[in-house]
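The values are calculated or read from the model by the stated rules, or taken from the named source; none is laboratory data. None of these values were measured; they are calculated from a predicted model. Don't worry about glycine lacking a Cβ; one is built from the backbone with ideal geometry, like all the others, and counts go over all protein chains shown.
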Amino acid sequence: MDKAKKMKLTQLNPYIETQNLEAIAGKTSNLYESLYIIAKRANQISKEMKEELHSKLEDFATHNDSLEEINENREQIEISRFYERLPHATIISTTDFIQDNIYVRTNEEPVALPVVPAAPLAAAATPAAE
């Protein structure tokens, strides 16, 4: 994560705020589609943050299996606290969606569902002729 992105994330309000659903639905003309886009982006952000945190904390990992006292590293604690203070991925993705910072690709081709002919009900209800 570059410095500009870190600054942007630290400036976001980490607390949940109510959002105008009409404004969210207006971006795609469908509330559920908008929420789906926000959720997908939140999953992406969460995965990126998790991978980044694990890569940073991997430097501090000890690979011995002794029962000795675990040394607390000040840098490790600061890194962990920084990530704990960041807003949740859902808040970040919702803010990005409202500010039009999310690029969405859609499949413009209409999906044709196969037409299955219905069986006549009258023929199925009458007993077979002998």
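Observations on the structure shown:
- Cβ-Cβ under 7 Å pairs, at least 6 apart or on other chains, region 46-57 side in a helix (DSSP H, G or I), far side not small (Gly, Ala, Ser): 49/83; 52/1; 53/83; 56/79; 57/76; 57/79
- Lone qualifier among 6, 40 - being basic (Lys, Arg) and at pLDDT 90 or above: 40
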